[in-house]
Amino acid sequence: MAYQEHITQMQALIGKQGGSWDGISAESVARMRLQNRFHTGLDIARYTAGIMRRDMAAYDADPAQYTQSLGCWHGFIGQQKMISIKKHFGSTDRRYLYLSGWMVAALRSDFGPLPDQSMHEKTSVPALIEELYTFLRQADARELGMMFREIDAARAAGDVLREKQLLTAVDNHQTHVVPIIADIDAGFGNAEATYLLARKMIEAGACALQIENQVSDEKQCGHQDGKVTVPHEDFLAKVRACRYAFLELGVEDGIIVTRTDSLGAGLTKQIAVSKEPGDIGDQYNSFLDCEEIDPATARNGDVILNRDGKLLRPKRLPSNLFQFRAGSGEDRCVLDCITSLQNGADLLWIETEKPHIEQIAGMVDRIRDVIPNAKLVYNNSPSFNWTLNFRQQVYDAWVAAGKDVSAYDRARLMSVDYDGTELGAEADERIRTFQRDAAARAGIFHHLITLPTYHTAALSTDNLAREYFGDAGMLGYVKNVQRAEIRQGIACVKHQNMSGSDIGDDHKEYFAGEAALKAGGAHNTMNQFAA
């Protein structure tokens, strides 16, 4: 509904109250309504699911229309990302947020910093989703509030043209509320536990849930060793649990991202149930590392498989886990992905050990032979040494092309000595175009960085501490933080405004009129940043 339509509707409602509501300003109500567009998390989930569905269709038509996000561990971080995106690019189109279970574990658990092993409180995940959207909605309220103040100033100055421009801008305002892809880990328990948590996450506003095929109580970070996968039927039960949660809550466009860790997972806790040769359980078991045995040599407690008339004993470790054959990871990933898409998943996530486009594309080509519109979410992970990986890729490509690499030592390619070299420049260019190239070649619809602000916070804090507690003293803060904020137009330099002080002043004026005691008067030191 347009700004003026809200005002007209409120004027009619106020007029029906026999004068008892005459102290209420219809225009003030209209402003508050526009500043609070989303009333519940389900409103947000339905709205953002529609965005993702449209973006997925746009990507199918043109792979250049891929999407991106950055991971968040606090509502303020997510808010500032969206404010920055709108400032620099004028639109939030195709830019999302990612909620990383790793960062929740490391930064949001009551137990303190934890590894990414699903040991944190599962309720902290929906709580963070709700927090993120609270901050994004506040960004809307702040931005619109400043526009409303400009409208009042234009009216006071008699500038009709400026007022009209601002009213048009209000009616065309783009919200900071964007899709969040939220990490539900391996489901935090059985399928019922997954359903209950999924419902909480959706109620908080999540339109996209990312779930992985590891064992819940053995869950590891995707870039660490010791990962244990589950048979497909166990995983699909949790996928269905997520879908039931979406449908129960009326989010019919909800997105499920199924992640396979099979590339780096060499272990399984269970032998899959198989009812007939070639079924999904039999295919899962076919990757087990087995040895053929004579029945007479069977030991007490052995698990024995009958395959093509041969008796096979899967190799079992002292941990009671079974191991897969070495080199079977890619085949298992392809099977995982096809099975997921055939059973309700919308997007895929293949966790890899390095950012290599052809490695990813090789698997995606096989998946698309069966499901042509298969699309990936890909983790542009800080766990990868991007500089070293891409310099090695360039080095290897040059060797294959017969180019002279005698000036380079492959074992030392991370060295600063190579920063200004031709090889270093080509590697950096490949990094720069990685997302674009992978979207076109490897079917990657969404690129994300899981832990960006974990690292930027550490880096910026280290730089500030070195300066402030060193010889630079206060200049270390002023020159490298505050002055940079002013020069770059960072909104947070006016931190009172960012925290909602001006919104509060507006409300005081709505509620109390001329009697309002406002914080933003002449003696507010934030006025020093007016220029």
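Bear in mind these aren't lab numbers, they're just calculated from the coordinates by the rules spelled out. Just so it is clear, the structure is predicted and the values come from calculations on it, not from any experiment. All Cβ positions, glycine included, derive from the backbone under ideal geometry; neighbour counts span all protein chains shown.
Which of the peptides 321-334, 488-501, 40-53, 294-307 is most tightly packed, and how do the rest follow, going by the mean number of other Cβ atoms within 10 Å of each residue?
Most protected by this proxy first, the peptides run 40-53, 321-334, 488-501, 294-307.
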Task: FRET efficiency, residue 403 to residue 84 (Cβ-Cβ, R0 41 Å, nearest 0.05) - done: 0.55
- [ ] Per residue of the range 401-408, in order, report the coupling 6.51 cos²θ - 1.76 cosθ + 1.60 (Karplus, θ = phi - 60°) as ³J(HN,Hα) in whole Hz, putting x for Gly and Pro.
- [x] 8, x, 7, 5, 10, 5, 7, 10
Open item on the list: Just to be sure I understand the curve: with the Debye formula and one point per C-alpha of the chain, what is log10 I(q)/I(0) at q = 0.05, 0.06, 0.09, 0.10 Å⁻¹?
Closed with: -0.27, -0.38, -0.79, -0.94
Open item on the list: Between residue 414 and residue 319, what's the calculated FRET efficiency when r is the beta-carbon distance and R0 is 51 Å? Round to 0.05.
Closed with: 0.90
Open item on the list: Give me, ordered by chain and number, the residues 5 or more places off residue 307 or on other chains with an amide H under 5 Å from its own placed amide H.
Closed with: 312
Open item on the list: Highest mean first, how do 472-480, 168-176 rank when packing is the count of other Cβ atoms within 10 Å averaged over residues?
Closed with: 168-176, 472-480
Open item on the list: Report the Cα-based extents of the range 304-445 along its three principal axes, largest first, to the nearest Å.
Closed with: 60, 38, 29
Task: Rg/Rh (Cα only; Kirkwood hydrodynamic radius) as it applies to the range 80-194 - done: 1.18
TODO: Show that you can apply the helix-only estimate: for the chain, add -39,500 (n - 2.57) for every DSSP H stretch of four or more residues, divide by all residues, and state [θ] at 222 nm to the nearest 500.
DONE: -15000 deg cm²/dmol
- [ ] Starting from the alpha-carbon convex hull of the range 470-516, give the projected area averaged over all orientations, in nm².
- [x] 4.5 nm²
